[in-house]
1. Would you confirm whether any residue within segment B:86-102 is under 16 Å from residue A:110 (Cα atoms), more than 7 Å from every other protein chain (Cβ to nearest Cβ), more than 38 Å from the chain's Cα centre (by Cα) and not in a helix (DSSP H, G or I)?
2. With the condition kept exactly as written, say whether any residue in segment B:15-30 is under 18 Å from residue B:144 (Cβ atoms) and touching a residue at least 24 places away in the same chain (Cβ under 8 Å).
3. Taking the stated definitions as given, is residue B:131 within 28 Å of residue A:189 (Cβ to Cβ), modelled with pLDDT of 90 or more, crowded, with 17+ Cβ neighbours inside 10 Å and in contact with a helix residue (DSSP H, G or I) (Cβ under 6 Å, 6 or more places away or on another chain)?
4. Only one of (1) over 18 Å from residue B:125 (Cβ atoms); (2) assigned to a helix (DSSP H, G or I); (3) within 14 Å of chain B (Cβ to nearest Cβ) is not met by residue A:261, so which one is it?
5. The conditions are (1) in a helix (DSSP H, G or I); (2) free of Cβ contacts under 8 Å to residues at least 60 places away in the same chain; (3) facing another protein chain (nearest Cβ under 10 Å), and residue A:212 fails exactly one of them. Which is it?
6. How many of the residues making up segment B:117-126 are within 19 Å of residue B:139 (Cβ to Cβ) and more than 7 Å from every other protein chain (Cβ to nearest Cβ)?
7. What about residue B:154, is it in contact with a strand residue (DSSP E or B) (Cβ under 7 Å, 6 or more places away or on another chain), part of a helix (DSSP H, G or I), surrounded by fewer than 22 Cβ atoms within 10 Å (Cβ to Cβ) and in contact (Cβ under 8 Å) with a residue 12 or more places away in the chain?
């Protein structure tokens, strides 16, 4: 496991300059318009002529069609995010790393699921995204673990060690992965906010606000999912600390009714930004449109911050989100074309600035 | 066929009994066939509804999983699916519809709550929930369709069998029995007529003989009288 030392001064100028260059190379509306009209193999060929050339060529012999596109996208995403961690120093490194630890959480969950379902280690390895702080050797060792207990033990010295050990008893009792997965996700989300609010720097304060919004949106999304499922679950058990929108106690009270929850979000500070999404949620009785709107709102907010504070974590964060969105959009187009969705249907699913 | 039967009164009685039994059986089977057809029509309506619902559910499930794979990625969807270990269970019982044993399929653990699907709630999205929900619904429709369509097939086989039995009774067994009955009746009548004729003949012969005897006796008596007169 390799975690870079974070002492030293931040190199905002260097990182933001490189990030601006990378951001300029991202696909634009015109690229998406072209891609939407292509089939999966044409998309792969188009990608060969872009930023993704190296990954498509490297993976071309192992995968084909949309699988090739998806794996190339994930590998390219990992390369770019590793570059960010490599370039950044000091506080900036910590700010970037805390956001990219979502990939560590993803990898830990993927390994646990692989062990749980007795999958081949090669198959699990294929699904890992090497974009977080855990290095390849450590993840390879994790993949080779023979049992979930062994995975938990190997993670003992990481930030996931203690929460996973605590959740392990509950996993043994119930036999389902939910306690372990929730422990991993909770550790990631709660780690996002730790210490970030104690700052006088306005850009960092806004970064903290962005992270708060991300946690609030995650809480809102999960509360709505629980309310819609009618399952006998206490939403407070799935509450992530660090947001501004809900308190755990009030979430338990209001999330019994979807209408109450929608009204609560409508009356909150996010009400104006999410009003259309909430209307759609009430109209279509589906969370998809709402989640789509949350993603778009976060992307827009991060982009706005990047213009307000060009020499801060904000442009880097905006790039991370934009890159993730590019990967999601290309994958959505390829999978959508494979599934025979119409151009309009695919375009509706894309989140663009 | 009729020539194989011995035209005896005993056989005639046996055939009459068989005709009566066959006619009763024919009526019962006809009623059973009509009842089965009515039940079948009900099941057919139900099967048509279930089948169209199944197709609709399949389309929806495919659309949801395609959307989930598109937006969350195949890797995420496969990961969420791998977290599930408790698979649905199916038990079959049987019920009787007019003598036809049809299966009754009970399923459990098909519909799962958000906390029973195995994947964590915090790090997944509504798209995966909706795809899982759509597939749970599809699975329920498949189980219902399996029950209804198996019942329909069994009913259809039974209707065919009953129809064949009714036709066999109506067009083969009963006509044959009736032919035999007629044959025996004719034969018996003929035998009766022959017997009467024979008896008449015997009677006539007897009368002739008696007449001859009487004539002979009279002649003998006349001869004796002549002899006495001559003496």
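1. Of segment B:86-102, the ones under 16 Å from residue A:110 (Cα atoms) are none.
No, there is no match, as no residue in segment B:86-102 is under 16 Å from residue A:110 (Cα atoms), more than 7 Å from every other protein chain (Cβ to nearest Cβ), more than 38 Å from the chain's Cα centre (by Cα) and not in a helix (DSSP H, G or I).
2. As a first pass, look at segment B:15-30 and keep what is under 18 Å from residue B:144 (Cβ atoms): none.
No, the conditions are met nowhere in segment B:15-30.
3. Values: within 28 Å of residue A:189 (Cβ to Cβ): yes; modelled with pLDDT of 90 or more: yes; crowded, with 17+ Cβ neighbours inside 10 Å: yes; in contact with a helix residue (DSSP H, G or I) (Cβ under 6 Å, 6 or more places away or on another chain): yes.
For residue B:131, the condition - within 28 Å of residue A:189 (Cβ to Cβ), modelled with pLDDT of 90 or more, crowded, with 17+ Cβ neighbours inside 10 Å and in contact with a helix residue (DSSP H, G or I) (Cβ under 6 Å, 6 or more places away or on another chain) - is met.
4. (1)
5. (3)
6. The initial filter retains those residues of segment B:117-126 that are within 19 Å of residue B:139 (Cβ to Cβ), namely B:117-119.
Then keep just the ones that are more than 7 Å from every other protein chain (Cβ to nearest Cβ); that gives B:117.
Adding up the residues that qualify gives 1.
7. Numbers: in contact with a strand residue (DSSP E or B) (Cβ under 7 Å, 6 or more places away or on another chain): yes; part of a helix (DSSP H, G or I): yes; surrounded by fewer than 22 Cβ atoms within 10 Å (Cβ to Cβ): yes; in contact (Cβ under 8 Å) with a residue 12 or more places away in the chain: yes.
Yes, satisfied.
A quick yes/no check of all residues on (1) more than 10 Å from chain B (Cβ to nearest Cβ); (2) buried (at least 18 other Cβ atoms within 10 Å of the Cβ); (3) touching a strand residue (DSSP E or B) at 6+ places or on another chain (Cβ under 6 Å):
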residue: A:143; (1), (2), (3): yes, yes, no
residue: A:149; (1), (2), (3): yes, no, no
residue: A:157; (1), (2), (3): yes, no, no
residue: A:206; (1), (2), (3): yes, yes, no
residue: A:219; (1), (2), (3): no, yes, no
residue: A:242; (1), (2), (3): yes, yes, no
residue: A:245; (1), (2), (3): yes, yes, no
residue: A:253; (1), (2), (3): yes, no, no
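The values are calculated or read from the model by the stated rules, or taken from the named source; none is laboratory data. What you are looking at is a predicted structure, and each value in this text was computed from that prediction instead of being measured. Reconstructed Cβ throughout: ideal geometry from the backbone, glycine too, with neighbour counts over all protein chains shown.
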